[in-house]
1. Pulled fully out, how much extra length does the chain show between Ser153 and Ile85, if you take 0.36 nm times their separation in residues and subtract their Cα-Cα distance?
2. Please report the relative contact order for the chain, taking Cα pairs under 8 Å with a sequence separation of at least 6, and give it as a percent rounded to a whole number.
3. Compute the convex hull volume of the Cα atoms of segment 35-249, divide it by the residue count, and report the result per residue in Å³ as a whole number.
4. Take the alpha carbon atoms of segment 27-57, find their center, do the same for segment 125-144, and report the distance between the two centers in whole angstrom.
5. Could you pull out the chymotrypsin sites (Phe, Trp or Tyr not before Pro) across segment 5-110 that fall in loop regions by DSSP (anything but H, G, I, E, B) with no more than 15 other Cβ atoms inside 10 Å?
6. Quick check: convex hull over the Cα atoms of segment 82-140, volume per residue in Å³, rounded to an integer?
7. Starting from the eigenvalues of the Cα gyration tensor, five times each then square-rooted, give me the equivalent ellipsoid semi-axes of segment 187-250, largest first, whole Å.
8. I'd like the distance separating the alpha-carbon centroids of segment 160-206 and segment 67-117, in whole Å.
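Nothing in this text is a laboratory measurement; each read-out follows from the coordinates by a stated rule. What you see is a predicted model, and the numbers here were worked out from it, not measured in a lab. Cβ coordinates were reconstructed from backbone atoms using ideal geometry, including for glycine residues, and neighbour counts include every protein chain displayed.
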Amino acid sequence: MGLFLASVFAPLPYAPTTPDTSVISVAPNGSHWFGTDANGFDVFSRTIEAARIDLPLAFGGVLLAMVIGVPIGLAVSKESWLSNIVMRGVDALQSLPLLIVTVAVVALAGDHFYDVILAMVLVIAPGFIRLVRAGAVVIRSKRYVEAATATGSSEARILRVHVLPNVLNLVLTQLTLGVGLAIVVIAGLNFLGVGVDPPTPTWGGMIFDGAGVINQGQWWVALFPSLAILVVISCVNLTARVVEDLTQAR
């Protein structure tokens with residue numbers, strides 16, 4: 001969150017998309033804190049600016065996956081032929097290689113920002129569906145749900161009043177973990193040159209550029225965007241653990 005707020009509000013020392021050919025491949029120093037790359041871009045400015053691209057894509061994709069996955073998970077928690085078909089489809093999606101699926105979806109759909117979000121939904125929504133369904137099946141076996149069914153409560157009311165509130169802790173935990181997964185996938189897409197076109201800075205794209213010059217001793221180009229990804233994923237995983245502890249303590 002701090003990286004995103006910095007990318008939005010903090011003044012950057014250099015324009016992240018305007019190279020300066022007089023400072024090509026400069027090591028970190030007092031003027032360029034993270035150094036510059038082979039094109040003369042300031043690595044610090046681009047690392048911060050990349051958060052404005054990567055983090056909204058990650059949060060947007062996971063939130064949309066949650067909005068789609070949670071209702072489907074609740075709907076298929078009641079045993080039927082349709083729920084069996086849906087779950088077999090979920091199994092099929094989750095059995096596919098994650099990165100290959102996202103690359104194929106984004107490339108075939110047109111390689112735009114919203115295509116990345118679509119790919120996030122396809123790979124993350126099945127996790128919400130499976131988790132919510134598993135939790136809902138347990139809740140449905142409780143006596144108070146059976147009593148509500150016996151007294152004539154509608155299926156929609158049972159899901160809204162009895163099931164959904166009791167699986168929200170699972171949803172919140174999956175939401176935070178999903179953000180970390182989405183950031184890794186987006187970085188992987190950008191590393192492969194899919195999703196966002198240069199010179200727009202992205203962490204994955206910067207790591208790709210840095211990987212090509214590490215053998216020349218220019219370690220800083222790839223190091224700092226990699227650290228940014230590491231910090232963000234560590235923070236969201238910590239948040240997921242805190243959310244899980246808080247919901248279990250209720």
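1. Numbers: separation 68, 0.36 × 68 = 24.48 nm, distance 2.62 nm.
Difference between extended and current length: 21.9 nm.
2. 23 percent.
3. Working: hull volume 26.4 nm³, N = 215.
Hull volume normalised by residue count: 123 Å³.
4. If we compute the Cα centre of each part, the gap is 44 Å.
5. Values: sites: Phe9, Tyr14, Trp33, Phe34, Phe41, Phe44, Phe59, Trp81; in loops: Tyr14, Trp33, Phe34, Phe41.
For chymotrypsin sites (Phe, Trp or Tyr not before Pro) across segment 5-110 that sit outside H, G, I, E and B with at most 15 neighbouring Cβ atoms in 10 Å, the list reads Trp33.
6. Details: hull volume 5.1 nm³, N = 59.
About 87 Å³ per residue, rounded to a whole number.
7. Working: eigenvalues 209, 40, 10 Å².
Working through the eigenvalues yields semi-axes of 32, 14, 7 Å.
8. 14
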